[in-house]
1. Modelled with pLDDT of 95 or more, open to solvent by less than 10 Å² (accessible area, probe 1.4 Å) and within 14 Å of residue 156 (Cα to Cα), is that true of residue 203?
2. Any idea which of (1) of a type outside the set (Ser, Thr, Tyr); (2) surrounded by fewer than 20 Cβ atoms within 10 Å (Cβ to Cβ); (3) touching a strand residue (DSSP E or B) at 6+ places or on another chain (Cβ under 8 Å) is the one residue 244 doesn't satisfy?
3. What pairs come up if the first residue lies in the range 51-66 and is over 25 Å from residue 81 (Cα atoms), the second is among the aromatic types (Phe, Trp, Tyr) and surrounded by fewer than 19 Cβ atoms within 10 Å (Cβ to Cβ), and their beta carbons are under 8 Å apart, counting only those six or more places apart or on different chains?
4. Step by step: first the residues of the range 212-228, then only those that are within 18 Å of the chain's Cα centre (by Cα) and open to solvent by less than 10 Å² (accessible area, probe 1.4 Å), then the one that is nearest to residue 290 (Cα to Cα). Which residue is that?
5. Filter the range 198-220 for residues that are more than 26 Å from residue 115 (Cβ to Cβ) and part of a strand (DSSP E or B) and give the result.
6. State whether one or more residues within the range 280-297 are closer than 30 Å to residue 165 by Cα and either open to solvent by 30 Å² or more (accessible area, probe 1.4 Å) or among the hydroxyl-bearing types (Ser, Thr, Tyr) (or both).
7. Taking residue 297 and the conditions (1) among the small types (Gly, Ala, Ser); (2) part of a helix (DSSP H, G or I); (3) more than 29 Å from residue 140 (Cβ to Cβ), which numbered condition does it fall short on, given that it satisfies the others?
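The values are calculated or read from the model by the stated rules, or taken from the named source; none is laboratory data. Since this is a predicted model, take the numbers as computed values, not measurements. Don't worry about glycine lacking a Cβ; one is built from the backbone with ideal geometry, like all the others, and counts go over all protein chains shown. What goes into the accessible areas is simple: the full protein's heavy atoms, side chains included, and nothing from ligands, DNA or RNA. Shrake-Rupley method; radii C 1.70, N 1.55, O 1.52, S 1.80 Å.
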Amino acid sequence: MSPSDSSKGKQNRVHLPVVFTMGNFFNYNGKIYQEDTAVIGPDNRGLRYGDGLFETIKLNNGYLIFSEEHFDRLWRGLNILQFDIPKHFTSDHLQKEILALAKKNELVNARIRLNVFRGDGGLNDAKDHLPNYIIQAWPLLADTFKLNSNGLILGIDDRIRKSIDILSNLKHNNYLPNAIAALNAKKEKWNDAIILNAFNRVCETTIANIYLIKNGVIYTPALSEGCVAGVMRNFLVEKIKKAGYNIEETAITIETLLAADEVFLSNSIYNIRWVQSIPDKKFDNIITQKIFSGIISTIL
């Protein structure tokens, strides 16, 4: 699969015909089930070991946003995890399955979760290395299409460190650090929690890549710092450069983050959201608003 050109913007979409039915369903290995149907057994390696990957894709007015970029990342991850990919298991096949599920659930604006995982077996005796998959779809809230009016309140979960290795940039199913940090964020009444890497530097949040702005320069953790290689992150880095801003992918300390003028987050569902405080330090959103109106608005 050849890498796609993010500059295609709205052309990089797959159209969904609007046909309505009733119910709430998910797709498991190509078959549609009602949401309360059990399909995974106790020997499943995805359940036992988190042996798999996932993609979260935005469906906007019947179009899958950045579909090629999502599937490029998925295929890179499947190769790293040493899956055996059958000929019929292609990005085109999965896109058709996603769109069919969205149609079944009467959705033209949705958050899609595609989870690909290995089947049954123990740690050293997998039954096979073929990909299994589950596709889910949920309605999108209206606020995912605009910049948040109330800035986010973040905290730093310094109990957790994300490792830096060949898995760090993937969206893999072993998501325990993010899950525990998210629980802590809820307990502390933060909107999200910042996760640090093994060197005590800023890595990402539980669901997003993070950026800071200082003296007009935009900074974000480099991929070598262990953050997920976000689809929206890659798009923003490219577009911010083309818009004439100075953006640097680098190592960011906690002290540097807290000295920033502005902080914002990005992911494929919310695009970008500005941060008001961490948790007591206040931030502006002047340049963040310009980035949203000048760059993000082009893909809505």
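1. Details: modelled with pLDDT of 95 or more: yes; open to solvent by less than 10 Å² (accessible area, probe 1.4 Å): yes; within 14 Å of residue 156 (Cα to Cα): yes.
It is true that residue 203 is modelled with pLDDT of 95 or more, open to solvent by less than 10 Å² (accessible area, probe 1.4 Å) and within 14 Å of residue 156 (Cα to Cα).
2. Only one criterion is unmet by residue 244, namely (3).
3. Hits for this filter: 60/145.
4. Looking at residues that are within 18 Å of the chain's Cα centre (by Cα) and open to solvent by less than 10 Å² (accessible area, probe 1.4 Å), I get 220.
5. Result: 202, 211, 212, 213, 214, 217, 218, 219, 220.
6. Going through the range 280-297, the residues closer than 30 Å to residue 165 by Cα turn out to be none.
No: the range 280-297 contains no residue that is closer than 30 Å to residue 165 by Cα and either open to solvent by 30 Å² or more (accessible area, probe 1.4 Å) or among the hydroxyl-bearing types (Ser, Thr, Tyr) (or both).
7. Here residue 297 clears every test but (3).
For (1) in contact (Cβ under 8 Å) with a residue 24 or more places away in the chain; (2) part of a strand (DSSP E or B), each residue gets a yes or a no:
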| site | (1), (2) |
| --- | --- |
| 144 | yes, no |
| 148 | yes, no |
| 153 | yes, yes |
| 157 | yes, yes |
| 166 | yes, no |
| 177 | no, no |
| 187 | no, no |
| 196 | yes, yes |
